[in-house]
Amino acid sequence: MIYVRLGDLCVINSGGTPRRNNESYWKNGDVPWVKISDLKNGIVESTEEFITLDGLNNSSAKIFPKGTLLYTIFATIGEVAILKMDAATNQAIVGIQLKENKKVYLKYIYYYLKSQTNNIKQLGRGVAQNNINLAVVKNMIIPIVSLEKQSNIIATLNKLEKIKGNRITILNCLDDLIKSRFVELFGDPVLNEKGWNLTSLESVCQSIYGGGTPSKKIKEYYKGTIPWVTSKDMKSDIIVDSIEHITEVAIDNSSTKIIPPESVLIVIRSGILKHTLPVCINKSKITINQDLKALVLDERCKAIYLQYLLKALEKEILSGVRAVTADNIEFNSLKKRRIPIPPINIQIKFSQMVNQINKLKSDVQKSIDETQLLMDSLMQEYFG
């Protein structure tokens, strides 16, 4: 085994973003332009946005060929994927291509980079904007074994990644089933073709809570047991716990409040609003930070119905996202939005089905997590 700098094995370059205010760089573009949100399950097969050749030639964006490794270095750092077509990327992503005559497989480097995700994320947290630069990537030290051993490592990890991918597909199918059932029961919420009664979002809320952040200077505030939910926790439909926890004293000395169970949580300020509207339901008492709102509903509206209603309206809601100091939703407008309220018995019927599917999803997610733990263990053995 020998240890080699990644920059000695590979050509590593970052991408770029053409100016948004120049329409000729974007309109009718046919060059796929990769953002972090396009990296899905280790591959990039399509992109949300495209740029023109004019945009490509007048920015630091560049075309990376099919098969290039893509690696994220800004905001969501340490994600890795294989490019399945020729494409450009933004500056948050670097392209990694093998130099000629290097005795290493690109898929081996792919798995090495995946093995370093936690280390890189920890390194990024020490930087104000949560990023790493090209020099950090180029100076990563990779252990190189024989091509035969590399092939064996790749084969083993490929099998586990395939198992994980199949289970992720099942999760996605279950999500699609819920969305299909929603439309079947309630119709398109924008058109309201079933003629349900319309009322403002705020009118079906008993209470609407904002959140807050206890002083980070007082470390004792963060040694409690009360979940303190931020946008980082809003990654699944149900919130049962959070990354950070606070004390009662922290609540008393900040603007955060106790949120009752079965509230609908919505992210109103975060970079994730560029492409996703996280909406969750908490199953226990929690607190939230100022980037979230919590909706406590009255008897006319079930939490699960509202959750999937907001998901169905995601594209329309996100079209109004403003970028000031951060991407944010104009919540005063959102809470005044008129929404369809179907009869409660139909909402209950839908909620019961979702609860059944969520049990299945929980089992599948547990299997995914166990597969990932096995992969992590093996990658630690292979790469240290």
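The values are calculated or read from the model by the stated rules, or taken from the named source; none is laboratory data. Given the structure is predicted, the values throughout are model-derived calculations rather than measurements. Cβ placement follows ideal geometry from the backbone for every residue including glycine, while neighbour counts extend to all protein chains displayed.
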Check your understanding: How many residues does the range 353-377 contain that are surrounded by 12 or more Cβ atoms within 10 Å (Cβ to Cβ), farther than 28 Å from residue 157 by Cα and not aliphatic (A, V, I, L, M)?
Key -> 1
Exercise for review: Report yes if residue 66 is exposed (fewer than 14 other Cβ atoms within 10 Å of the Cβ) and either assigned by TED's automatic domain parsing to the domain that holds residue 157 or modelled with pLDDT under 95 (or both), otherwise no.
Suggested key: no
Practice item. List the strands (runs of 3 or more DSSP E) that sit entirely inside the range 180-232 and contain at least 1 residues that are farther than 26 Å from residue 271 by Cα. Key: 197-200, 205-209
**Study point:** Qualifying residue in the range 238-246 (condition: surrounded by 14 or more Cβ atoms within 10 Å (Cβ to Cβ), assigned to a loop (DSSP other than H, G, I, E, B) and among the charged types (D, E, K, R))
**Key:** no
Exercise for review: Tell me which residues, restricted to the range 21-48, are part of a strand (DSSP E or B) and modelled with pLDDT of 95 or more.
Suggested key: 31, 32, 33, 34, 44
Check your understanding: Tally time: how many residues in the range 149-174 are under 30 Å from residue 340 (Cα atoms) and in contact (Cβ under 8 Å) with a residue 24 or more places away in the chain?
Key -> 2
Check your understanding: Mind checking which pairs have a first residue in the range 70-90 that is crowded, with 23+ Cβ neighbours inside 10 Å and a second that is charged (D, E, K, R) and assigned to a strand (DSSP E or B), Cβ under 6 Å, 6 or more apart or different chains?
Key -> none
Exercise for review: Please find, among 284, 319, the residue that is surrounded by fewer than 16 Cβ atoms within 10 Å (Cβ to Cβ) and over 29 Å from residue 184 (Cβ atoms).
Suggested key: 284
Review point. Looking at residue 215, is it polar (S, T, N, Q), farther than 22 Å from residue 37 by Cβ and within 22 Å of the chain's Cα centre (by Cα)?
Key: no
Check your understanding: Within the range 168-178, is even one residue within 18 Å of residue 4 (Cα to Cα) and in a helix (DSSP H, G or I)?
Key -> no
Review point. Exactly one of (1) in the same structural domain as residue 104 (by TED's automatic domain parsing); (2) without any contact (Cβ under 8 Å) to a residue 12 or more places away in the chain is unmet by residue 137. Its number?
Key: (2)
Review point. Got at least one residue in the range 296-315 being farther than 26 Å from residue 228 by Cβ, assigned to a helix (DSSP H, G or I), of a type outside the set (Ser, Thr, Tyr) and modelled with pLDDT under 95?
Key: yes
